[in-house]
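Below is one structure, written out as structure tokens; comments come after it.
The values are calculated or read from the model by the stated rules, or taken from the named source; none is laboratory data. In this text, all values refer to a predicted model and were calculated from it rather than measured experimentally. Neighbour counts run over all protein chains shown; Cβ positions are idealised from the backbone, glycine included.
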Amino acid sequence: MESLTIGRWRGLQQLATPEGVFCIVAVDQRGNLKRMLEKAGRPSDPQAMTAVKREIVGALNRDASGFLLDPEFSAAQLMASGELLGQNGLAVSLEATGYEDREGDRLTSILEGWSEAKIKAMGASSVKLLIYYNPRREAAARQQEELVRQVSARTRALDIALMVEVVTYPSSDDQTQEAFQAERRELIIESARRVTALGIDLFKAEFPVHPSVTQDEEVWYEACRELTEASQVPWALLSAGVDFDTYARQLKVACRAGASGFVAGRAIWREAAEETDPAKREAFLQTTMPWRLRELVAIARREATPWTAKLSAGAVDEGWYRTYPGLSL
């Protein structure tokens, strides 16, 4: 079991419930949210993006253990306006939205003008990095792995936790969706094995079996157990835009198989962006959306494995503060 430095330990504590379970709402979407608003015929300028995020976080801040926010439209804005409460843990995205397409490979870039040090300085609990990754695309995988190593080195120097999200994509440009989904389990588990060995603290993972492949929850469970065994650090389930009912089923299975909770977005709040009827939207924000989060929190608190099952704080010796490196200013 790896021992964390005290700053990284504290960051994961802040993101979790007192029982050590992650109940995090992801509201760091930028490109996806903009497209959702535009498809619904709603404004999608920066002010509108921030307004939607304020509504979501403001309605969920009493039930979430933490939030994942972006620097462009929400992190500082929601601190200053009060929707992000002091009791809410905060993870902040490091990457630019989207990816660079290089001959079919998908490569991640850090947002220009942004850094791990700035995330630490603003008081966040964790840095979050999303990478697109397929272990069979070897050259791109090596490049993405090197990015994770570099970010890990910087977050460790700053003593701030690092959450890494992996999104898989097809092994070849002409691969059918059916073939891609059939190999999803193998890709996600191998990705967990490789990426969690690179010095990260929390793995934000896709569900390893696509619903189109099978609805057999025993198969789901076996795949999630493989993921738990492959991951060197705690993992939490992302929602990947699936509907709420599907996600609730996935979360229950994942937590029973060893996941430490969730980092979920659109499965909770999709209609906040898509609904155009004012009365229906207000009802969703005040009733349905909080109910969804409370349902997921109940599942996680009942079924999930505490993140401390895979990580420890280590011993704190007398006079520890003398050798604690802190920050070099």
Filter region 222-241 down to residues that are part of a loop (DSSP other than H, G, I, E, B) and in contact with a helix residue (DSSP H, G or I) (Cβ under 6 Å, 6 or more places away or on another chain) and give me whichever is nearest to Leu293 (Cα to Cα).
-> Ser239
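Check Ser74, Ser115 and return the single one that is among the polar types (S, T, N, Q), touching a helix residue (DSSP H, G or I) at 6+ places or on another chain (Cβ under 6 Å) and modelled with pLDDT of 95 or more.
Values: Ser115 fails: touching a helix residue (DSSP H, G or I) at 6+ places or on another chain (Cβ under 6 Å).
Going through Ser74, Ser115 in turn, just one is among the polar types (S, T, N, Q), touching a helix residue (DSSP H, G or I) at 6+ places or on another chain (Cβ under 6 Å) and modelled with pLDDT of 95 or more: Ser74.
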Selected residue [among the charged types (D, E, K, R), under 20 Å from the mean Cα position of the chain (by Cα) and part of a loop (DSSP other than H, G, I, E, B)] from Arg42, Arg62 = Arg62
Would you point out the residue of region 279-329, among those that are in a helix (DSSP H, G or I) and hydroxyl-bearing (Ser, Thr, Tyr), that is surrounded by the fewest Cβ atoms within 10 Å (Cβ to Cβ)?
-> Thr323
Restrict the check to region 50-63 and report whether at least one residue is out of contact with any Cys (no Cβ under 8 Å at 6 or more places or on another chain), touching a residue at least 12 places away in the same chain (Cβ under 8 Å), buried (at least 18 other Cβ atoms within 10 Å of the Cβ) and among the acidic types (Asp, Glu).
-> yes
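Condition check ((1) of a type in the set (S, T, N, Q); (2) more than 22 Å from Trp9 (Cα to Cα); (3) not in a helix (DSSP H, G or I)) across all residues:
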residue	(1), (2), (3)
Gln143	yes, yes, no
Arg156	no, no, no
Ala179	no, yes, no
Arg185	no, yes, no
Val209	no, yes, yes
Trp220	no, yes, no
Looking at (1) hydrophobic (A, V, I, L, M, F, W, C); (2) free of Cβ contacts under 8 Å to residues at least 40 places away in the same chain; (3) under 25 Å from Phe22 (Cα atoms), which is the one condition that is false for Val92?
-> (2)
